[in-house]
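Colleague: One structure, as structure tokens, below. Some questions next.
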Amino acid sequence: MFMFNTFIELLRQTGNVTKGQTDFNQSSPRWLLNQEVPKIVRSVNKQLREKSVKTKVGAFSVLKELVIVLPDCLAEHIGSLIPGIEKALCDKSSTSNLKTEALIFTRLVLASHSPPVFHPHIKIRDSSYGLLNSN
């Protein structure tokens, strides 16, 4: 958990330093952080597959802070994050704390990303035909 807290604090400080800045050039902290998003998502996805609830809660905390600092940064990664969110919400071994963190993260992602980002991942239930994908 210590590593999560350290990384979360680094994300917060990046957000504090860049608050109000609109430039997104190659030397800005936000641009540099954005370049690391794929690595962060890969690492967090590994953590979401762990058995430890504390590890999963920490992973969602990192994702929440990332979305606060870099809104819309997960647009290309939503598909890879959905299984971890679903497991946290549906697994019988999930604690209420884990479910709460997953729901808060989901709310932040939905609020900070444009709707078309989610369209390929929406499943529609048709009572006569079962589960259908929106595509």
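Colleague: Which of the residues spanning segment 27-79 are among the small types (Gly, Ala, Ser), at pLDDT 95 or above and open to solvent by less than 30 Å² (accessible area, probe 1.4 Å)?
Modeller: Gly58, Ala59, Ser61
Colleague: Does Glu86 meet the test of being of a type in the set (Asp, Glu) and over 24 Å from Glu9 (Cβ atoms)?
Modeller: The answer is yes for Glu86.
Colleague: Does Asn97 meet the test of being more than 14 Å from the chain's Cα centre (by Cα), touching a residue at least 24 places away in the same chain (Cβ under 8 Å) and open to solvent by 70 Å² or more (accessible area, probe 1.4 Å)?
Modeller: yes
Colleague: Another question about this same structure. Please give the number of the condition Lys92 fails out of (1) modelled with pLDDT under 95; (2) closer than 19 Å to Leu11 by Cβ; (3) basic (Lys, Arg).
Modeller: (2)
Colleague: Looking at segment 61-84, can you tell me whether even one residue there is under 21 Å from Met3 (Cβ atoms) and of a type in the set (D, E, K, R)?
Modeller: For segment 61-84, residues under 21 Å from Met3 (Cβ atoms) and of a type in the set (D, E, K, R): present.
Colleague: Moving on to the next point. Any residue in segment 44-60 that's on the phi < 0 side of the Ramachandran plot: show its pairings with residues that are among the β-branched types (Val, Ile, Thr) and open to solvent by less than 20 Å² (accessible area, probe 1.4 Å) at Cβ separation under 8 Å, as long as the two are six or more apart or on different chains.
Modeller: Filtered contacts from segment 44-60: Val44/Val62; Ala59/Val44.
The values are calculated or read from the model by the stated rules, or taken from the named source; none is laboratory data. Computed from a prediction, not measured in an experiment: that's the story for all the values here. FYI the Cβ positions are ideal-geometry reconstructions off the backbone, even for glycines, and counts take in every protein chain you see. Heavy atoms of the whole protein, side chains included, go into the accessibility calculation; ligands, DNA and RNA do not. Shrake-Rupley method; radii C 1.70, N 1.55, O 1.52, S 1.80 Å.
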